Amino acid sequence: MHQYLIICCFSLQLCGCGLLGVGIWLSVSQGSFATFSPSFPSLSAANMVIAIGAIVMVTGFLGCLGAIKENKCLLLSVSYTTPVEL
């Protein structure tokens with residue numbers, strides 16, 4: 001069970017890194033192409049993907065750390081935030 005949790009959290013962290021990379025690529029290559037509101041130019045699809053990727057990556061990291069250290073607080077925080085992300 002211990003190794004399974006580490007593998008799952010590591011794959012979650014890799015998915016977060018992938019989302020972060022796609023968001024940065026969109027931000028660099030597309031600029032402000034998909035801006036949601038003209039009054040808030042920083043609220044674009046690329047920035048949203050970057051924010052979601054960062055949150056998923058941090059959650060995966062905390063899950064790996066909690067599984068390795070067997071820290072109950074970290075594992076509970078990951079178990080509460082993962083359903084919100086999905």
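The values are calculated or read from the model by the stated rules, or taken from the named source; none is laboratory data. Being a predicted model, the structure only gives us computed values, none of them experimental. Every residue, glycine as well, gets a Cβ built from its backbone with ideal geometry; the counts of neighbours run over all protein chains shown.
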Number of positions in the stretch 1-35 that are among the aromatic types (F, W, Y), over 26 Å from K69 (Cβ atoms) and exposed (fewer than 12 other Cβ atoms within 10 Å of the Cβ): 1
Complete set of residues in the stretch 1-52 that are closer than 16 Å to G63 by Cβ and not aliphatic (A, V, I, L, M): H2, Q3, Y4, C8, C9, F10, S11, Q13, C15, G16, C17
For P38: the one exception among (1) surrounded by 13 or more Cβ atoms within 10 Å (Cβ to Cβ); (2) out of contact with any helix residue (DSSP H, G or I) (no Cβ under 9 Å at 6 or more places or on another chain): (1)
Filter pass, A51 being surrounded by 15 or more Cβ atoms within 10 Å (Cβ to Cβ) and either under 27 Å from Y4 (Cα atoms) or of a type in the set (G, A, S) (or both): no
Residues being more than 14 Å from the chain's Cα centre (by Cα), closer than 19 Å to C15 by Cα and at pLDDT 85 or above - total across the stretch 43-76: 3
